[in-house]
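S.K.: After the structure tokens below, expect a handful of questions from me.
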Amino acid sequence: MNDDLDALAHLQDPVRRALYDHVVARGGEVGRAEAAEAAGVSRTLAAHHLDKLVEAGLLEAGFRAPDKKGPGSGRPAKVYRRAKTERSVSLPPRDYGVLAGLLAEVVEALGAEDRAETVARRAGERLARDRRDEPIAAVLRERGYEPYTDGGVLRMRNCPFHTLSEEQPVLVCAMNLALCQGLLEGMGGDPGLAALDPRPGECCVTVAEPSKTNED
């Protein structure tokens, strides 16, 4: 837990937080110049803080080959992406992940997947109470999904249940979909807008814009 606290403490610095947020929002590799411009700081200062975030385990660094090949092409550019390692802090320490995994095994052992999906959908409806006037993207963002628009569809860069989904992908993805359907229904929307459409490194659920689904 101390390592997690130390890592998250780096985000208290406003420049580091701005750089981290930009890299996360991009959902891929980000160069120093782009990150510096987004944070409104010099490239040198951005490089310093980005490397500190790498040292803290919040970002990962790599190198991108220049577009131009051959003599005079220059050196590979250093780029950054969000680290795969998860960080969480609980005082005093709690381990809900282990319990969630055990409960998922119980659901599977009992063959209660349908009931689990029903419960997840009802939970989504409860979470959406008093949120009918808000866009679904705002509610999903608040739940940690990190939504972004891609061709008329909301995709999510983050799965809030990522660790558990690696252990029980079928069950967790089905419950995740049911939860999002419940959110839509609770907000007065069409639950059919939510669908399973997994991409590597992203959440398995997408939400289509109503206008896109109603077109003939």
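S.K.: Which shape class, rounded, prolate or oblate, goes with segment 1-116 when its Cα gyration tensor gives a ≥ b ≥ c as root eigenvalues, a/c under 1.5 marks rounded, and past that a/b bigger than b/c marks prolate?
M.R.: Cα axes put segment 1-116 in the prolate bin.
S.K.: Ignoring ligands, DNA and RNA, what percent of the 1.4 Å accessible area of the chain is carbon and sulfur?
M.R.: Carbon and sulfur: 50 percent of the exposed surface of the chain.
S.K.: On average over all directions, what projected area in square nanometres does segment 60-160 have, based on the convex hull of its Cα atoms? Display every interim value, and only then the final one.
M.R.: Values: hull surface 48.2 nm².
Quarter of the Cα hull surface area: 12.0 nm².
S.K.: Using heavy-atom solvent-accessible surface (probe 1.4 Å) with all chains present, what is the largest-first order of Arg122, Arg17?
M.R.: Descending accessible area places them as Arg122, Arg17.
S.K.: How would segment 99-206 be classified by its alpha-carbon gyration tensor: rounded, prolate or oblate, with rounded meaning a/c under 1.5 and the a/b versus b/c comparison settling the rest?
M.R.: The shape class here is oblate.
S.K.: Under the rule of -39500 (n - 2.57) per DSSP H run of 4 or more residues, summed and divided by the residues of the chain, what mean residue ellipticity at 222 nm is obtained, to the nearest 500 deg cm²/dmol?
M.R.: When only DSSP H runs of four or more count, the value is -15000 deg cm²/dmol.
S.K.: In Å², and per residue, what accessible area does the chain have when probed at 1.4 Å with the other protein chains present? Kindly include the intermediate steps, with their values, before the conclusion.
M.R.: Details: 13110 Å² over 216 residues.
Per residue, the chain has 61 Å² of solvent-accessible surface.
S.K.: Would you check the accessible area of Leu103, probe 1.4 Å, heavy atoms only, in square angstrom rounded to 10?
M.R.: The value for Leu103 is about 100 Å².
S.K.: Something else about it: How much accessible surface area, in Å² rounded to 10, belongs to the heavy atoms of Phe161 with a 1.4 Å probe?
M.R.: For Phe161, the solvent-accessible surface is approximately 80 Å².
S.K.: With all protein chains present and a 1.4 Å probe, how do Met156, Met175, Met187 order by accessible area, largest first?
M.R.: On the way: Met156 0, Met175 60, Met187 25 Å².
Correct descending sequence by accessible area is Met175, Met187, Met156.
S.K.: Now a separate question. Please list Thr149, Thr206, Thr118 in order of solvent-accessible area, largest first, computed with a 1.4 Å probe with all protein chains present.
M.R.: Correct descending sequence by accessible area is Thr149, Thr118, Thr206.
The values are calculated or read from the model by the stated rules, or taken from the named source; none is laboratory data. Because the structure is a prediction, the values reported are computed rather than measured. The area values use the complete protein model at the heavy-atom level, side chains included, leaving out ligands, DNA and RNA. Shrake-Rupley method; radii C 1.70, N 1.55, O 1.52, S 1.80 Å.
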